[in-house]
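Each remark here refers to the structure printed beneath this line.
The values are calculated or read from the model by the stated rules, or taken from the named source; none is laboratory data. In this text the structure is predicted, and so the values were computed from the model without any measurement. Virtual Cβ from ideal backbone geometry, glycine too; neighbours counted across all protein chains shown.
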Amino acid sequence: MPHTSLQQIDLERIPQKKIREFIRYQIKNQITSFDKLASSCRPGDLMTGYRFHERVYTCNYPAEQLWKHYLAADPSITWNTSMLTFGLMISKQEQKVMYIGDIYAGASVGQVMFVTIEILGGMVKVPVAHEIIDINPEKRYLEVSYVKGGKSEGVQRISFYDNQDQTTRIVHTTYYRSASWFRDKFLYPFFHTLVINKYHDNMIKLLNDQ
């Protein structure tokens, strides 16, 4: 059944309290329709004033195979690590909600993923929503942007480069900023590295297990 507003979301199907609170916060601020969930960046935006972070991973799979795997992988599984838990996904294009246990049809522009990042052994839980803003099959990269209303704004690009020896270089590039210079300089780079390391490790583990 099509959904068009955050008020139609079944909060009882979302296990994370912080994500439920984040959705309620959006509704309270008149962000009720899916179309009003705004990403903080759009494709091609100049990143002047943002901080830069980048990690590179080498994987023993061809680039095309990895690219297809990343696009098809179920986010409720890939975003499920010791630091990450998936809450739900909203598709702006299809006006649908995907809860844990629902079938995932693959990545597409306009999908908004809600996850919780747990740090310090779960003592601190941060809800994060990011939207897929670009998928480029020719250059093999996808971009996601933080949704407005969270602690951070910016964009992340995951690119896949063929090493010509059946291995692939994955480059995860992030431009980010928040209201706290201390968080941006000292906390974000450290914890963001841990989070994306676990995400990519989980992606490769899932491919190994197939």
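Just one of (1) surrounded by fewer than 18 Cβ atoms within 10 Å (Cβ to Cβ); (2) small (Gly, Ala, Ser); (3) within 19 Å of Cys41 (Cα to Cα) fails for Gly101. It is (3).
Conditions (1) in a helix (DSSP H, G or I); (2) within 12 Å of Gly149 (Cα to Cα); (3) within 17 Å of the chain's Cα centre (by Cα), marked per residue:
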| position | (1), (2), (3) |
| --- | --- |
| Glu12 | yes, no, no |
| Phe22 | yes, yes, yes |
| Asp35 | yes, no, no |
| Pro43 | no, no, yes |
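Filtering segment 177-192 to residues that are under 16 Å from Glu54 (Cβ atoms) and either out of contact with any strand residue (DSSP E or B) (no Cβ under 8 Å at 6 or more places or on another chain) or not in a helix (DSSP H, G or I) (or both) leaves Arg177, Phe190. Restricting attention to segment 104-120, the residues being more than 10 Å from the chain's Cα centre (by Cα), assigned to a strand (DSSP E or B) and either closer than 16 Å to Ser40 by Cβ or not polar (S, T, N, Q) (or both) number 3. Restricting to segment 115-130, give me the number of residues that are more than 14 Å from Gly87 (Cα to Cα) and either in contact with a His (Cβ under 9 Å, 6 or more places away or on another chain) or in contact (Cβ under 8 Å) with a residue 40 or more places away in the chain (or both). Residues meeting the conditions: 1. Please verify whether segment 55-64 includes one or more residues that are in a helix (DSSP H, G or I), surrounded by 15 or more Cβ atoms within 10 Å (Cβ to Cβ) and not polar (S, T, N, Q). The answer is yes, given that some residue of segment 55-64 is in a helix (DSSP H, G or I), surrounded by 15 or more Cβ atoms within 10 Å (Cβ to Cβ) and not polar (S, T, N, Q).
Given the condition among the charged types (D, E, K, R), surrounded by 14 or more Cβ atoms within 10 Å (Cβ to Cβ) and free of Cβ contacts under 8 Å to residues at least 12 places away in the same chain, answer yes or no: does some residue in segment 76-98 qualify? No: zero hits. For segment 70-91, the criterion of a residue being acidic (Asp, Glu), outside any strand (DSSP E or B) and at pLDDT below 95 is satisfied by no position.
Considering segment 161-183 alone, what residues qualify as being among the aromatic types (Phe, Trp, Tyr) and under 21 Å from the mean Cα position of the chain (by Cα)? Within segment 161-183, Tyr161, Tyr175, Tyr176 meet the criteria.
Can you tell me which residue among Val109, Val124, Val115 is of a type outside the set (D, E, K, R), modelled with pLDDT of 95 or more and surrounded by fewer than 17 Cβ atoms within 10 Å (Cβ to Cβ)?
One residue alone meets the criteria, Val109.
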